[in-house]
1. Just one of [x] 53, 21, 16; [y] 32, 15, 11; [z] 24, 16, 12 is semi-axes √(5λ) of the Cα gyration tensor in Å as worked out from the coordinates here. Which one is it?
2. Tell me the trypsin sites (Lys or Arg not before Pro) within region 1-88 that lie in a loop according to DSSP and have at most 13 other beta-carbon atoms within 10 Å.
3. Can you send over the carbon and sulfur percentage of the accessible area for the chain, probe radius 1.4 Å, protein chains only?
4. For the cross-link pairs 21/84; 6/60; 21/74; 21/60; 60/84, which exceed 26 Å when the distance is taken from alpha carbon to alpha carbon?
Amino acid sequence: MAAKLKKGDTVVVLAGKDKGKQGEITRVLTQDNKAIVEGVNIAIRHQRQTAQDQGGRQPKAMPINLSNLALLDKNGKPTRVGFKVEDGKKVRVAKTTGDVI
């Protein structure tokens with residue numbers, strides 16, 4: 001099955017403590033059905049000191065479930081993603097505007 005959300009997509013959070021926040025997907029974890037979004041679902045992780053890094057408490061973006069994310073269309077509104085075949089290729093389509101993503 002083709003991925004509805006991919007790395008580099010701008011998304012908005014639909015549910016949870018960061019509801020309404022927007023960010024760009026930096027990584028998609030397909031096995032867990034989750035994604036890491038820049039600036040969303042931040043947790044504090046304690047890092048041990050190394051030769052290169054001082055360590056301490058570091059903020060880190062944690063994975064969020066794909067069902068809690070919606071793609072932003074060209075108008076900046078959340079949209080669902082559909083698929084359509086154009087010129088023999090399967091492309092992603094925004095449900096609100098019908099535009100190819």
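The values are calculated or read from the model by the stated rules, or taken from the named source; none is laboratory data. Because the structure is a prediction, the values reported are computed rather than measured. Cβ placement follows ideal geometry from the backbone for every residue including glycine, while neighbour counts extend to all protein chains displayed. Note: areas computed on protein heavy atoms with side chains; ligands, DNA, RNA excluded. Shrake-Rupley method; radii C 1.70, N 1.55, O 1.52, S 1.80 Å.
1. Correct label is [y].
2. Answer in residue order: 7, 17, 19, 48, 74, 80.
3. The C+S portion of the solvent-accessible surface of the chain is 46 percent.
4. With Cα atoms farther than 26 Å apart: 21/84; 60/84.
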